[in-house]
Amino acid sequence: MTITPTFGSRRHRSMLSPSSGAHSSPPTTPPPHSTLPAYPTTAIPHQYSIYFLGIAHCGYEYGKSYAFLPLLPLTISFLSRTVFAPLVPLIGYRAVLGLSGYVINNVTFVFTAINFYKLSVIILKDSDSALWASILFCFNPALVFYSAIYSESLYALLSIGGIYHLVTGGNSIAVLLLALSTCARYNGVLNAGYFCFQTLHQAYDALAVQVLISGALRCICIFTPFIAFQAYGYYNICLGHSINEMRPWCKARLPLLYNCIQSHYWGVGFLRYFQLKQLPNFLLASPILSLALPSVEEKNSSAVLFSLETVQRSSIARFPGHHNLRQRKHMTRGDPVALPLENDSLAKLGYLTVSCLPFILQLAFMAATAFFVMHVQVATRFLSASPPLYWFASKLMVQRKRWAYLIWAYSAAYILLGSSLFSNFYPFT
């Protein structure tokens, strides 16, 4: 597909398709063997991988590429020009780009699993359930996307790692990681909700104005990469054109590049996917949505809401008030797995603790968005980094319920199915 110049760039020039863009010259002096013909992604040549490699190679050359945030391409480009630079004379620059992408995603997935286990121990207060949840995460239905050159693995590392530091008292590191997650995927802006949740609790225990200002600044930091990239896209696409040449979204009171691209090129919009011909895609997404629904209902029951009012705020698991922040920091310098339980009644509640509430609200919003707005088959990987899915499944596994076997069968089937379909250009999420 060829993108029109007025939308893809502020300069009037012919635009490149994803496949041809991946073979154009890099923005700086190309390495001597950059003319080698192919990326190693020809083995798994899904279009999104080509987008990320094309951006790492050439930058944002056409309008459709602005749907992909720059953190993964920048990381790929940096690694290709530093660590793997000696390989360029042997296999070529383009092959090194692909190799860098695979290494980044597979290494970050390992660290994501470690952080997920530590976070699960803190929230669930049960090492067995945390272990089962982590194992299921390592074999989740969207596993193929965590190994390919997609942004899922990098986003999961930053979001889960940021939340882990948040619940252990490292607010500064948490802000940095969650802000970087917004540079990896657009839904990273939802992670600001964790600081909103923390701020609401701390406002009861300290001077409300100071706490609210601090929480607002942290949320702004998380939103900043999203706003900055929208401004960057507006500068490249909208400025320098006459009114008649501008895309309609450029003239909007609040121009949002991402919404325009999703709607124009992928047909994303509220209920726009509700067509009879899309029924197979709804069936493809039905397992993950069926798992998300009880995950939300189980934790967002009356027990959770009741605990908001009855449990002492000093004992709320890992989203405590300002008054015990110093004590929590002292406790969490060691291994978080060994942290003592703050309240036996909360431990008995298990998954129905108030600390799960922000995770549940985020999962509910994302599941509703995937069902009503997005291409519904994307839900499998879109929700794959949501911890409540694995926490709910681990509960079934610990209790040895029959549904646990179905979850394992679902994960195994989608890993095999996804690996086969994804690597052969067939649609899979």
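The values are calculated or read from the model by the stated rules, or taken from the named source; none is laboratory data. Everything numeric in this text was worked out from a predicted model, so none of it was measured. So basically every Cβ, Gly included, is an ideal-geometry build from the backbone, and we count neighbours across all protein chains shown. Calculation scope for accessible area: heavy atoms of the full protein, side chains included, ligands and nucleic acids excluded. Shrake-Rupley method; radii C 1.70, N 1.55, O 1.52, S 1.80 Å.
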May I ask you to verify whether residue 319 is at pLDDT below 80 and not in a helix (DSSP H, G or I)? yes
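Please determine, by comparing only the residues of the stretch 394-412 that are aliphatic (A, V, I, L, M) and without any contact (Cβ under 8 Å) to a residue 12 or more places away in the chain, which one is nearest to residue 123 (Cα to Cα).
Looking at residues that are aliphatic (A, V, I, L, M) and without any contact (Cβ under 8 Å) to a residue 12 or more places away in the chain, I get 396.
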Name the one entry in 235, 204 that is at pLDDT below 95 and either within 30 Å of residue 101 (Cα to Cα) or buried (at least 19 other Cβ atoms within 10 Å of the Cβ) (or both). 235
Of the residues that make up the stretch 367-386, is at least one over 21 Å from residue 262 (Cα atoms) and open to solvent by less than 40 Å² (accessible area, probe 1.4 Å)? yes
All positions within the stretch 387-429 that are part of a loop (DSSP other than H, G, I, E, B) and either open to solvent by 30 Å² or more (accessible area, probe 1.4 Å) or modelled with pLDDT of 95 or more (or both): 399, 400, 401, 423, 424, 425, 426, 427
Restricting attention to the stretch 364-377, does a residue exist that is part of a helix (DSSP H, G or I), free of Cβ contacts under 8 Å to residues at least 60 places away in the same chain and among the small types (Gly, Ala, Ser)? yes
Could you list, in sequence order, all residues of the stretch 157-176 that are under 17 Å from residue 228 (Cβ atoms) and touching a helix residue (DSSP H, G or I) at 6+ places or on another chain (Cβ under 7 Å)? 158, 175
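Looking at 117, 155, can you tell me which residue is within 17 Å of the chain's Cα centre (by Cα) and either in a helix (DSSP H, G or I) or in contact (Cβ under 8 Å) with a residue 60 or more places away in the chain (or both)?
Answer to the selection: 155.
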Please work out which one of (1) assigned to a helix (DSSP H, G or I); (2) of a type outside the set (A, V, I, L, M, F, W, C); (3) in contact (Cβ under 8 Å) with a residue 12 or more places away in the chain is the condition residue 60 fails and give its number. (1)
Going through (1) within 19 Å of the chain's Cα centre (by Cα); (2) crowded, with 23+ Cβ neighbours inside 10 Å; (3) modelled with pLDDT of 95 or more; (4) among the β-branched types (Val, Ile, Thr) one by one, residue 144 fails only at (3)
Residue 228 closer than 30 Å to residue 151 by Cα, free of Cβ contacts under 8 Å to residues at least 24 places away in the same chain and surrounded by fewer than 17 Cβ atoms within 10 Å (Cβ to Cβ): yes
Looking at residue 259, is it part of a helix (DSSP H, G or I), surrounded by 17 or more Cβ atoms within 10 Å (Cβ to Cβ) and modelled with pLDDT of 85 or more? no
What's the number of the condition residue 169 fails, among (1) open to solvent by less than 10 Å² (accessible area, probe 1.4 Å); (2) assigned to a helix (DSSP H, G or I); (3) not hydroxyl-bearing (Ser, Thr, Tyr)? (2)
Residues of the stretch 172-196 classified as in contact with a His (Cβ under 6 Å, 6 or more places away or on another chain) and crowded, with 22+ Cβ neighbours inside 10 Å, total: 1
